[in-house]
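Data first, discussion second: the structure below is written as structure tokens.
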Amino acid sequence: MSKFVVGLTGGIGSGKSAASSHFESLGIRCVDADIVSREVVLPGTRALSEIEKHFGNNVIDNQGELNRKILREIIFHDPDEKVWLEKLLHPLIRERIQLLIANSKSPYTILSSPLLIETKQHLQTDYVLVVDVPEDTQLSRTLKRDGGNEKTIKSILSNQLSRTQRLKYADDIIDNSTDLKTLHAQVESLHKKYLDLASKK
């Protein structure tokens, strides 16, 4: 039987992590594209040495790891550098995601990715689930969680798909504009639906 894969996405600060954590608590394997994207640039990887060669050693911290904050600032202010980085990393990320999904043992698998649509990772899924909140909520939650620069966060928001565009791809939507209890209830309802869909695939 082929695997049933649900793509989980949402803009920065929407609550994707809270949703995927609850799916995991229900026994579902969640492949996190953010974690995969960190794994492909660990010290010693070819990708990290290519990045250092291209951007210079100021993007490498004292522990020999990628300084994501500095790199993020560079690519969000220079579209050409962003394109270069994506050409390097996206094939590596896609390959690793495919491997992790293939090895998943749960009844269905969640692929959690903030750029599910933008990077065409949704083409690796059967269903798209969007965690949705208003953009002002995204901004306030991200500032509260990460601190940082409001201008940079707004730049990240403008580089992600707009809320309207993202929702066009959604087969299901979680409204995360209230509290965690409401989010969990929506996840549990969808879990039953996905178990049923997976059993029929």
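The values are calculated or read from the model by the stated rules, or taken from the named source; none is laboratory data. Quick caveat, the model's predicted, so the values are computed rather than measured. Backbone-built Cβ (ideal geometry, glycine too); neighbour counts: all protein chains shown. The accessibility values were calculated without ligands, DNA or RNA, using every heavy atom of the protein model including side chains. Shrake-Rupley method; radii C 1.70, N 1.55, O 1.52, S 1.80 Å.
Considering only residues that are polar (S, T, N, Q) and not in a loop (DSSP other than H, G, I, E, B), look in the range 118-130 and name the one that is nearest to LEU195 (Cα to Cα).
My answer is GLN124.
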ASP179: of a type in the set (Asp, Glu) and surrounded by fewer than 16 Cβ atoms within 10 Å (Cβ to Cβ), yes or no? yes
Is there a residue in the range 59-69 that is in contact with a helix residue (DSSP H, G or I) (Cβ under 7 Å, 6 or more places away or on another chain), in a helix (DSSP H, G or I) and over 30 Å from PHE4 (Cβ atoms)? yes
Can you pull out the residues in the range 152-182 that are within 15 Å of VAL130 (Cα to Cα), modelled with pLDDT of 85 or more and basic (Lys, Arg)? ARG166, LYS168
Identify the single condition in (1) open to solvent by 40 Å² or more (accessible area, probe 1.4 Å); (2) at pLDDT 95 or above that ILE28 does not satisfy, given that it satisfies every other one. (1)
Please state which one of LEU8, LEU89, LEU26 is in contact with a strand residue (DSSP E or B) (Cβ under 6 Å, 6 or more places away or on another chain), closer than 26 Å to ALA170 by Cα and in contact (Cβ under 8 Å) with a residue 40 or more places away in the chain. LEU8
Residue by residue through the range 31-43, note down the ones that are open to solvent by less than 70 Å² (accessible area, probe 1.4 Å), hydrophobic (A, V, I, L, M, F, W, C) and within 29 Å of LYS201 (Cα to Cα). VAL31, ALA33, VAL36
Conditions (1) in contact (Cβ under 8 Å) with a residue 24 or more places away in the chain; (2) of a type in the set (D, E, K, R); (3) more than 29 Å from GLU135 (Cβ to Cβ); (4) surrounded by fewer than 16 Cβ atoms within 10 Å (Cβ to Cβ) -> ARG46 fails only (1)
Being hydrophobic (A, V, I, L, M, F, W, C) and under 16 Å from GLN160 (Cβ atoms) is the filter; apply it to the range 62-82 and report the residue that is most open to solvent (accessible area, probe 1.4 Å). PHE76
Taking the criterion of being farther than 28 Å from ARG29 by Cβ, part of a helix (DSSP H, G or I) and polar (S, T, N, Q), would at least one residue in the range 95-117 satisfy it? no
Give the number of residues within the range 6-19 that are part of a helix (DSSP H, G or I) and buried (at least 23 other Cβ atoms within 10 Å of the Cβ). 2
